[in-house]
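Notes to accompany the following structure.
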Amino acid sequence: MATNEQRLKPRQVGKAGTVVAALDIGCSKIACLIGRVDPGSRAGFSFMGGGRQQSRGFNGGAISDIEALERSIRLAVEDAEREAGERIDRVILGITGPKVDCQLAEAEIELGQREISGKDVQKVWAKALGQTIPKDRELLGAYPVMYGVDDQDDIRDAVGMIGERLRVLLNVVTAPKSLVNNLKECVQRAHLGVERIVPSALASGSGTLIEDEIDNGAICIDFGGGVTSVSVFMNGAPAWLDLVKVGGSRVTGDIAQGIGTTFAAAERLKTLHGTADMAGPGMAERIEAPRLGDDGRLKAGRMTRGELASIIAPRIEELFEMVQAHLTASPLRPILPRRTVLTGGSSQLAGVRELATSVLKQPVRMGRPIDADILGENYGNPAFSTAAGLISYELKGFADASRAGHAAALAGGDSGRGVFAKILIWIRENF
């Protein structure tokens with residue numbers, strides 16, 4: 001098992017020079033980034049090139065048109081290959097959607113007052129996994145949030161300690177097998193293999209949070225075009241994830257409906273003049289706002305920035321209220337971090353961070369890929385946080401029980417005390 005230091009520092013995956021490709025299938029865009037393993041680089045890889053295409057056939061985390069999605073994937077990959085000057089045959093695939101779910105699983109084994117080994121850790125992992133995975137779901141990852149040894153809780157690495165009992169709390173992430181199989185089919189139709197599937201919410205956090213935030217705890221909110229994902233990292237591990245089915249496109253739709261214009265014109269208006277800060281400067285400024293005429297064509301029109309903000313701000317405030325509700329309902333509520341990082345393409349709208357800070361009642365910093373300087377101007381911005389997180393995900397070395405082999409489930413045991421017990425009591429009372 002990796003120690004805390006090992007799983008927080010970039011580690012070499014494959015031989016130096018190995019090509020690594022990430023494919024982020026989102027609701028608004030498909031992004032493909034290509035890098036090469038470089039142990040001498042601060043990020044652990046050198047960036048070669050990327051491509052992006054508008055996402056078609058994938059809405060709200062579900063496939064609506066498999067042929068359209070295949071075309072979008074193929075075009076994004078071709079763009080990335082052309083820029084990188086390298087052909088790829090395998091990708092690390094990001095997966096999102098409301099049915100990508102996580103649950104906390106606990107298990108305990110008896111030790112007999114002896115030193116804990118790596119095999120003991122794998123044994124307690126297997127016991128927790130053996131009681132959590134339904135047959136119709138695919139296991140994407142199982143991350144140890146904390147360990148307990150006898151009366152001591154909140155242990156990050158139990159190997160080498162001595163005790164009578166060893167406990168683990170795992171964050172088990174699964175997705176419907178049908179969704180996983182159909183996404184694999186799309187990728188394979190584009191003549192690519194899938195090296196690994198990673199939940200996009202965790203990739204965003206991995207790609208955006210600095211080492212201190214992953215180690216000591218932070219919340220990452222990825223405000224995307226179609227959906228907003230939430231992930232929590234604690235003790236150097238992905239501890240929880242969730243998804244809100246509202247994104248920046250909902251704001252664009254509100255503008256289109258509110259002033260009577262096309263979606264494309266509303267998106268341009270939002271990008272050029274939009275703000276979520278109702279008290280910001282320039283609210284009286286009049287801006288061009290084309291509207292649909294009786295003949296169905298766009299005609300010139302004007303409105304104030306304040307009128308535009310009055311459409312945008314309530315929807316974004318509602319979004320963060322929904323995020324707050326999901327966090328409040330989380331089984332980790334008793335120990336949630338008080339540090340939040342906001343990323344994603346839609347987070348770049350003016351005033352969003354300030355509104356998030358107000359609703360969540362905690363400091364919020366804007367996040368872009370931590371390897372932004374390596375990715376360059378085109379891909380080093382918040383819109384590519386997930387893709388950047390995918391390309392460097394393996395380099396983080398997160399301990400993952402799902403990658404350690406499966407053993408038979410063992411008999412049950414006592415669930416422990418302290419912090420461990422508080423979380424488990426919360427789960428049992430509320431879920």
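The values are calculated or read from the model by the stated rules, or taken from the named source; none is laboratory data. Just so you know, these numbers come straight off a predicted model, no measurement behind them. Glycine also receives a Cβ, built like all others from the backbone with ideal geometry; neighbour counts cover every protein chain displayed.
Assorted remarks:
- Against the conditions (1) at pLDDT below 90; (2) on the phi < 0 side of the Ramachandran plot, ILE25 satisfies every one except (1).
- Residue count for segment 126-159 satisfying the condition of being over 20 Å from LEU111 (Cα atoms) and basic (Lys, Arg): 2.
- Total residues in segment 137-152 satisfying the condition of being among the hydrophobic types (A, V, I, L, M, F, W, C) and within 15 Å of ILE335 (Cβ to Cβ): the figure is 2.
- Residues that are small (Gly, Ala, Ser) and in contact with a helix residue (DSSP H, G or I) (Cβ under 8 Å, 6 or more places away or on another chain) within segment 144-201 comprise GLY148, ALA158, ALA190, GLY193, SER200, listed in sequence order.
- Any hit, segment 171-179, residues being crowded, with 16+ Cβ neighbours inside 10 Å, of a type in the set (A, V, I, L, M), under 24 Å from ARG56 (Cβ atoms) and in contact with a Pro (Cβ under 8 Å, 6 or more places away or on another chain): yes
- Selection of first residues in segment 17-30 that are touching a residue at least 24 places away in the same chain (Cβ under 8 Å) and more than 11 Å from PHE384 (Cα to Cα) and of second residues that are in a strand (DSSP E or B) and polar (S, T, N, Q), restricted to Cβ pairs under 8 Å at least 6 apart or on distinct chains, gives the following pairs, ordered by first then second residue: CYS27/ASN59; SER28/GLN54.
- Of the strands (runs of 3 or more DSSP E) lying entirely inside segment 191-240, those carrying at least 3 residues that are surrounded by fewer than 24 Cβ atoms within 10 Å (Cβ to Cβ) are 193-199.
- Taking (1) touching a Lys or Arg at 6+ places or on another chain (Cβ under 8 Å); (2) among the polar types (S, T, N, Q); (3) more than 30 Å from VAL91 (Cβ to Cβ) in turn, SER330 satisfies each apart from (1).
- Applying the criterion of being modelled with pLDDT under 90 and within 15 Å of PHE398 (Cβ to Cβ) to the residues of segment 156-170, the residue that is surrounded by the most Cβ atoms within 10 Å (Cβ to Cβ) is ASP157.
- Residue match in segment 88-105 (condition: out of contact with any strand residue (DSSP E or B) (no Cβ under 9 Å at 6 or more places or on another chain) and either of a type in the set (Val, Ile, Thr) or over 19 Å from PRO369 (Cα atoms) (or both)): no
- Screening ALA68 against (1) free of Cβ contacts under 8 Å to residues at least 40 places away in the same chain; (2) in contact with a strand residue (DSSP E or B) (Cβ under 7 Å, 6 or more places away or on another chain) leaves a single unmet condition, (2).
- Residue within segment 98-114 that is in contact (Cβ under 8 Å) with a residue 24 or more places away in the chain, surrounded by fewer than 19 Cβ atoms within 10 Å (Cβ to Cβ) and closer than 19 Å to GLN188 by Cα present: no
So that you can scan it fast, the table gives a plain yes or no per residue for (1) within 15 Å of the chain's Cα centre (by Cα); (2) closer than 19 Å to THR328 by Cα; (3) without any contact (Cβ under 8 Å) to a residue 40 or more places away in the chain:
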| site | (1), (2), (3) |
| --- | --- |
| ALA218 | yes, yes, no |
| ILE221 | yes, yes, no |
| GLY224 | yes, no, no |
| SER229 | yes, yes, no |
| VAL232 | yes, yes, no |
| TRP240 | yes, yes, no |
| VAL244 | yes, yes, no |
| GLY247 | yes, no, no |
| GLY253 | no, no, yes |
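- So GLY17, is it surrounded by fewer than 18 Cβ atoms within 10 Å (Cβ to Cβ), modelled with pLDDT under 90 and touching a strand residue (DSSP E or B) at 6+ places or on another chain (Cβ under 8 Å): yes
- Residue within segment 25-34 that is among the basic types (Lys, Arg) and buried (at least 19 other Cβ atoms within 10 Å of the Cβ) present: yes
- Close Cβ contacts (under 8 Å, 6 or more residues apart or on different chains) running from residues in segment 284-307 that are free of Cβ contacts under 8 Å to residues at least 60 places away in the same chain and at negative phi to residues that are of a type in the set (S, T, N, Q) and exposed (fewer than 12 other Cβ atoms within 10 Å of the Cβ) are absent.
- Every residue from segment 241-265 that is in a strand (DSSP E or B) and either surrounded by fewer than 24 Cβ atoms within 10 Å (Cβ to Cβ) or out of contact with any strand residue (DSSP E or B) (no Cβ under 7 Å at 6 or more places or on another chain) (or both): ASP242, VAL244
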